[in-house]
1. Just one of 224, 177 is over 19 Å from the mean Cα position of the chain (by Cα), touching a residue at least 60 places away in the same chain (Cβ under 8 Å) and surrounded by 19 or more Cβ atoms within 10 Å (Cβ to Cβ); which is it?
2. So, restricting to helices (runs of 4 or more DSSP H) that lie completely within the stretch 59-163, which ones have at least 1 residues that are buried (at least 18 other Cβ atoms within 10 Å of the Cβ) and modelled with pLDDT under 95?
3. Being surrounded by fewer than 19 Cβ atoms within 10 Å (Cβ to Cβ) and in contact with a helix residue (DSSP H, G or I) (Cβ under 8 Å, 6 or more places away or on another chain) narrows it down to one of 364, 335, so name that one.
4. When you go through (1) surrounded by 18 or more Cβ atoms within 10 Å (Cβ to Cβ); (2) over 18 Å from residue 360 (Cβ atoms) one by one for residue 287, which number turns out not to apply?
5. When you go through (1) outside any loop (DSSP other than H, G, I, E, B); (2) touching a helix residue (DSSP H, G or I) at 6+ places or on another chain (Cβ under 7 Å); (3) at pLDDT 95 or above one by one for residue 208, which number turns out not to apply?
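The values are calculated or read from the model by the stated rules, or taken from the named source; none is laboratory data. Bear in mind the structure is a predicted one, so any value in this text is a computation, not a measurement. Here the Cβ is made from the backbone with ideal geometry for all residues, glycine too, and neighbour counts use every protein chain on show.
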């Protein structure tokens, strides 16, 4: 009995010591703003207001803060991933583990309303998607230039066979989009083709990341050109040289905690004329005009040759090499943009980045980030003299936010 009492006291003391150590670490370790491991911004301590407390948003943000800033978070997630696998569970942190090390996010934080987002959902809110589609439809109908819409499906939609995962939810979202997007928006439904190619063993989506491969982006490029009647201009695959970048770990790998999954290769396709292109990252600032009143002026805060920022290839976020990561407004012009080529406005998320090597061969590109709450697409068409517009916005973003609902 005495021995058992000693064991119980020791166990309790050890447990209390661990809790105390984590509590102290939480206080003394400074918060991080960004996780290189997951390539995303981390939640910092939220500002308290009585309004936020009453509507529940403060409590929600506090929970997110503790989850993001917890000491040794990445190591603990990895330990949990190994444990879940050892017990035969094919999922950790809302990420599925499938055949050949294929990973896919299954659970998402769904946008329900401005004040309500629901975490860990494997479904979508049809009303939210419909609001976005309605805005897209209204703008497309009023557009004076040709429009195309590419809404890339998620990995879990394309690679369902790797997990024996049911496709009912994916298929219902596909049906909703196909039936509600108007002809003027020129919706290019890629799910059937991508799923067929994936099932045939073609490398169209990355194993460890949520993006498609550069080959997958090439397929999207060819379908876009066909939709505009430009089949004859499509460059064949052998017009490009393929450079492989080793040791690529994507954001899905980081989120999953499956640290034992092997890295993959990231492909960079080049046509050999990259030095003729210039990419400019543009911001807007207020300056004093001649009349003394503030005037908005745009200027390039970063420029580089081509469309590839090779400094990213030595970092974990190797995908960021395309267009040097995410910026709110960019241009990719051939020979200074004075060639008389058509200009294409890309309204996008990061799926569009790997389409740039192909589209830049035909168009001067103006690229705006939909996550920056860029609403008035027509203003950009007129400002830059764009001849066409393509919207590239992944299904995950479509169900997780309402950015598209503001377009006009």
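1. Answer to the check: 224.
2. It comes to 73-86, 126-142.
3. The match here is 335.
4. Every condition holds for residue 287 apart from (1).
5. (1)
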